[in-house]
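Since the structure comes first, as structure tokens, the remarks are kept for the end.
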Amino acid sequence: MCKAKTIAKLKEKKKQKYRTLLFPLNVFKELIKVYEYGANKYEVDDWKTHVEKTPEDFINAFYRHIHSHLEGELRDKESGLPHLAHAITNLCNLLWLALKKEKKKK
């Protein structure tokens, strides 16, 4: 195989991989802390069952955390973690559910 084809193949293979480092590591760590907090408080992956049964609870929790943040309370009193991390985690849970439903339709 010629050098040009090899380079082209490598570039194509690189395009297929997710560039996970585009996501800020410090933000990722805060989200993981929220998931760890929830796993310790309830059970690991307990949210998956809950979000499927009552997604509106996650929408309400998202708004509560956003409201608290906008009111100047940057950290959740119970967990000590940022309200924005809790809010984003709730949106991640809802996205997980939406993607799951979308996949079932296919």
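The values are calculated or read from the model by the stated rules, or taken from the named source; none is laboratory data. As the structure is a computational prediction, the values presented were derived from the model and not from experiment. Don't worry about glycine lacking a Cβ; one is built from the backbone with ideal geometry, like all the others, and counts go over all protein chains shown.
Before moving on, here are some points about what is shown:
- Within segment 75-90, the residues that satisfy the criterion of being under 15 Å from the mean Cα position of the chain (by Cα) and of a type in the set (S, T, N, Q) are Thr89, Asn90.
- Taken together, His86, His67 contain a single residue that is touching a helix residue (DSSP H, G or I) at 6+ places or on another chain (Cβ under 9 Å), without any contact (Cβ under 8 Å) to a residue 12 or more places away in the chain and in a helix (DSSP H, G or I), which is His67.
- Some residue of segment 25-41 being among the hydrophobic types (A, V, I, L, M, F, W, C) and touching a strand residue (DSSP E or B) at 6+ places or on another chain (Cβ under 7 Å): no
- Being among the hydroxyl-bearing types (Ser, Thr, Tyr) and either modelled with pLDDT of 95 or more or in contact with a Gly (Cβ under 6 Å, 6 or more places away or on another chain) (or both) holds for only one residue in Tyr42, Tyr37, Tyr18, and it is Tyr37.
- A search for C-beta distances below 6 Å between a residue of segment 36-57 that is closer than 21 Å to Pro82 by Cα and without any contact (Cβ under 8 Å) to a residue 60 or more places away in the chain and any residue that is among the small types (Gly, Ala, Ser) and surrounded by 11 or more Cβ atoms within 10 Å (Cβ to Cβ), counting only pairs 6+ apart in sequence or on different chains, returns Tyr37/Ser79.
- Among residues of segment 48-99 being of a type in the set (Phe, Trp, Tyr) and more than 23 Å from Leu25 (Cα to Cα), the one that is surrounded by the most Cβ atoms within 10 Å (Cβ to Cβ) is Phe58.
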